[in-house]
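Notes follow the structure.
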Amino acid sequence: MILDIYSFSTLTHSINKGLNAVMSPLLATIVELVIVGVLFLMLYAVLGLFLVYLERKVCAVMQNRIGPNRVGRWGMFQTIADLIKLLMKELIPIKRADQFLFNLAPFIVIIASFMAMAALPFAKGLQAIDFNIGIFYIIAVSSLGVIGILIAGWSSNSKYSLVGAMRSGAQIVSYELSVGLSLLSIVIFSGSMQLSTVIASQADGWWIFKGQIPAIIAFILYLVAGTAEINRGPFDLAEAESELTAGFHTEYSGIKFAFFFLAEYMNMFIVAAIATTMFLGGWMPFHIGDWTGFNHIMDYIPSIVWFFGKTFVVIYLIMWFKWTFPRLRIDQLLNLEWKYLLPLNLMNTVFISFIVLMGWYFK
Amino acid sequence: MSEEIIKNIMVGEHEDYLINMGPQHPSTHGVLRLEVSLNGEDVKKVTPHIGYIHRSIEKMCEKDTYKQIIHLTDRMDYLSAHMNNEAVSLLVENALQIEVPERVKYIRAILDELSRIASHHLWWSAFGMDLGALTTFFYGLRDREKILAIFEESFGSRLLHSFITPGGLMHDVHSNFRKDTLEFIKYFRKKLPEYKSLLTDNIIFHQRTKGVGKMDKKTSVAYGVTGPSGRGSGFSCDVRKIAPYGVYDQIEFNEILKNDGDVFSRYLVRMEEMEESMNILEQLIDKMPDGNEYTAKMKAIVKLPEGEYYQRVETARGELGVYVVSTGAKHPYRVRFRTPNFSNLFVLNNLAKGGKIADLVAISGSLDLVIPDIDR
Amino acid sequence: MDNKTDLVEVLSKLIPLGKVTMGNQYPEIIVDPDKLHKTALALKDLKTTPFDFLIDVTAVDFVTHFLLVFHLESTNTHEVIVLKTQLEDHDSPFVDSVSDLWPTAEFQEREIFDLFGIRFNNHPDLRRLFMEDDYGYPLRKDFKDEINIIEYPN
């Protein structure tokens, strides 16, 4: 298939062969691990910076203004300037805070989102870890972020932070159920939790089209629950500036605050990437049934462009939510999850299992 | 006496969880300190502490002439500056029994209604921002700029004009005044339905505001809550209808009353008042006489005859009352400003008790407080 | 004007404790300080025009005495009257509080206490509102503050 031109497997295989030829297999593996680690760190940092810049521009356009346009052409280097500023800021030490936990919290949050990113399939042949429990691993690991938030709120020794962290903890733990169930619906459709298998099963059409209405319902529920998971959009009560200053990260300054800030945007990327992988076909191009001419044209666009394009469309949707709607109150938020989203999700899952058993979907 | 004071300070130390909102806080719209005692997320008691921007305006007025007091009244409720000025001017004119030209009365009413629209629109932007819909702030300020441009063209300043003085106006308005106002009305009429679908018809907004902060009519009268906050509870208190001044008895307009008394009703009252103000503006511009007279003949030194005088005016936030005791000198003996925000603030404890912190923000936003008016 | 003079007559009959006259703009009732609360209660409970809306409570410092001024409005007929009482003791004046009749008076009276030093009996929470505890009473005519107030020679 023409798709193979853009496969990264040839590149990775050649690097592997080259390294194995020069040094012992153990050393080669270690060098590969280091290369992958460095690449991921760079990707994390660059993506994070880019997403912050994108948010400011998107929000500016919606609010009828221009956004950053002084630092570099179109304000491109604004985030880098912000990062340098944050790096040089004084780390204000809090006397009565629990020092060890206070310093540990940002790291936990970053590590959780970093580990989740490791399993994402970016393009054909470009996936760092391909577990057979792929999606399960991602959900499990991204839940570790809650620990970081709760530790941050507790160890700051401030009333505002504690209230914000409690709210945030309750919210994230509740919405994880909805996220898991929505993703479970696609696992039932494709029959496997391994991400590469899920993507391969979408070669003839994305699940959101093949699974018709139940898949669309699952997609919408996933978007709502995913936005709540990452403390964004109409669910950002934990860091609502007009109510509790900054919630659980009030007392953080400098690079530690930058960690929280970065982790929030990267979590948004991960949520969008998972939506893309499971519902929108990952790096698969947009094929329509038997239109071979159209399909061939679609195949010419590289898979990595497909992946990032789809992810950024979902990210734009998430940003649109935030800048349009007012905030939900904490009890309304939890109400929404436990009384509306969860029952809907359960019914949807049962419905999908029934459909798959009967075979009433486009295979 | 001192034991009572100490007991009052320590009342929060029991088991209550005390949080201070302010004096510097993004959503109290001014320097107001709210001491909130919480039980988890539920608010048990709200105690406002004021006085951070007390400038002793009433004492300063005792050393100023009547024409100088105008400049001080601007700075009380700065969003309805024209109406504050008009209160003092009307008081002086009624006391001296001076008749101002018709044209001046119409211009004063036009300025009042434009300020009312600007003030309600700024309230709308800030209210959306408090609830989390951050975009409303930019839309509101963009439209308000048009009104401020009209003001700047005529008076030279955007916010604090000191334009309405005893006897008439400081000087004549710009020749484009009528045309610009009509253009603004046309522009704003197109925008209001957009804002309605953005915020008023939004289900999240309904959940945050319906049934929250209920105030019945008795509480409203007992605490003296006037203006749109009072009218949202069915308290008919519009001074333009009760005790008309200027040309308001010749204009047809409705007083907007709602009966539910929650945050959503107060919101709707203000949105509909903006529409009413535009209708009033169209009638005023229609009927405004031509010409270029802008003041009546007045002596340079104004001395009120001995006695007491009281003038009531409807500002954007409620009823402003000016009470002057004069002993026949060129300075007043005592000036007292009965400001609407002072009474509106202290009903906050009644409304916010039993709700959550997020509700407290919504309620204090719906009462539309401007803190310099409270502290004077 | 007619209904104002009518009101004066009606009030003179119903409120025998005070002197009812027609002031500059509104009917005025002048009572002694010890009859203030009863008069206020009677005014609030009037049958035809209950004065349930307290617009303003304020005080004026005439150097020998204080004058406490209440502006009352009736919400069904929109009539406004003025209730006045004169406090002869200039150094430590006491008067009854009306905050049990009109809750808004609680805060207006706190302001009067803060700025004039008039103490209210039976007030639920008589504390200063704007000033610090040891500031003195600024709106009195004999108040001197060399640091903050600049006196211009007239």
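Per-structure values
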| read-out | value |
| --- | --- |
| Separation between Cα centres of the stretch B:110-136 and the stretch A:129-190, rounded to whole Å | 38 Å |
| Net charge of neighbours whose Cβ lies under 9 Å from the Cβ of B:GLY227, counting Lys and Arg as +1 and Asp and Glu as -1 | -2 |
| Volume in Å³ per residue [convex hull over Cα atoms, computed for the stretch C:2-88] | 86 Å³ |
| Cα-based shape type of the stretch A:1-109, given that a ≥ b ≥ c are square roots of the gyration tensor eigenvalues and the cut on a/c is 1.5 | oblate |
| Unit charges on C-beta of K, R, D, E only; dipole of the protein assembly as shown, Debye | 2140 debye |
| Other-chain or far-sequence residues with amide H under 5 Å of C:ASP96's (modelled H) | C:ASN121 |
| Where Cα atoms sit under 19 Å apart: lysine pairs in the stretch C:2-88 separated by 8 or more or lying on different chains | 19 |
| For the stretch B:268-282, 3J(HN,Hα) per residue [Karplus equation, 6.51 cos²θ - 1.76 cosθ + 1.60, θ = phi - 60°, Hz, x = Gly/Pro] | 5, 4, 5, 5, 6, 5, 5, 5, 4, 4, 5, 4, 4, 4, 5 |
| Amide H within-cut-off set for C:PHE53, under 5 Å, with H built and near neighbours excluded | C:GLU73, C:THR75 |
| Relative counts (whole %) of C-alpha pair distances in the protein assembly as shown, using bins that are 10 Å wide | 2, 11, 18, 19, 16, 12, 9, 6, 4, 2, 0, 0 |
| Nearest 10 degrees, 0 to 90: helix B:135-155 Cα axis against chain B principal axis | 20 degrees |
| Options B:ILE70, B:HIS54, A:TYR252, ranked by Cα towards positive dipole end of the protein assembly as shown, top entry (Cβ charges) | A:TYR252 |
| Largest-first ellipsoid semi-axes for chain A, taking √(5λ) over the Cα gyration tensor eigenvalues, angstrom | 34, 27, 21 |
| For the stretch B:75-87, 3J(HN,Hα) per residue [Karplus equation, 6.51 cos²θ - 1.76 cosθ + 1.60, θ = phi - 60°, Hz, x = Gly/Pro] | 8, 7, 9, 5, 7, 10, 4, 5, 6, 4, 4, 5, 4 |
| Contact order relative to length of chain A, as percent, for alpha carbon pairs under 8 angstrom and 6 or more apart | 22 percent |
| 3J(HN,Hα) from dihedral phi, the stretch A:342-356, Karplus parametrisation 6.51/-1.76/1.60, rounded to Hz, x for glycine, proline | 5, x, 4, 4, 4, 4, 4, 5, 4, 4, 5, 4, 4, 4, 5 |
| Alpha-carbon centroid distance for the pair the stretch A:258-325 / the stretch A:35-61, whole angstrom | 15 Å |
| Whole-Å semi-axes of the ellipsoid equivalent to the stretch A:215-321 (Cα gyration tensor, √5λ, descending) | 35, 15, 9 |
| Cα lying deepest toward the dipole's positive end in the stretch B:287-338, options B:PRO332, B:TYR310, B:MET288, charges on Cβ | B:PRO332 |
| Farthest toward positive dipole pole in the stretch A:164-321 [+1 Lys/Arg, -1 Asp/Glu at C-beta], among A:PHE261, A:THR277, A:SER196 | A:SER196 |
| Whole-percent pair-distance distribution, where bins are 10 Å wide, for the alpha carbons of the stretch B:12-123 | 12, 28, 26, 18, 12, 4, 0 |
| Between 0 and 90°, nearest 10: helix C:2-14 axis offset from chain C longest Cα axis | 80 degrees |
| Percentage of interatomic Cα-Cα distances in the stretch A:283-346 larger than 16 Å | 68 percent |
| Average Cα contact separation per residue, chain B, under 8 Å, 6 or more apart, as relative contact order % | 25 percent |
| Fluctuation leader among A:SER158, A:SER142, A:SER24 - chain A, Gaussian network, Cα springs under 10 angstrom | A:SER24 |
| Projected area, mean over directions - chain B, Cα convex hull, nm² | 19.3 nm² |
| Student exercise, the stretch B:54-375 dipole from Lys, Arg, Asp, Glu Cβ charges, in Debye to nearest 20 | 640 debye |
| Per-bin percent of Cα-Cα distances, chain C [10 Å] | 10, 38, 31, 15, 5, 0 |
| Amide H contacts of B:THR315 (H built 1.01 Å from N, under 5 Å, at least 5 apart or other chain) | B:LEU320 |
| Cα point-scatterer Debye curve for the stretch A:80-135, base-10 log of I(q)/I(0) at q = 0.15, 0.21, 0.23, 0.29 Å⁻¹ | -0.71, -0.90, -0.96, -1.12 |
| Directionally averaged projected area (convex hull, Cα atoms, the stretch B:190-265), nm² | 6.4 nm² |
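Throughout, read-outs are computed from the coordinates displayed, never taken from laboratory work. Because the structure is predicted, anything quoted here is derived from the model rather than measured. Note that we place each Cβ from the backbone using ideal geometry, even for glycine, and neighbour counts take in every protein chain shown.
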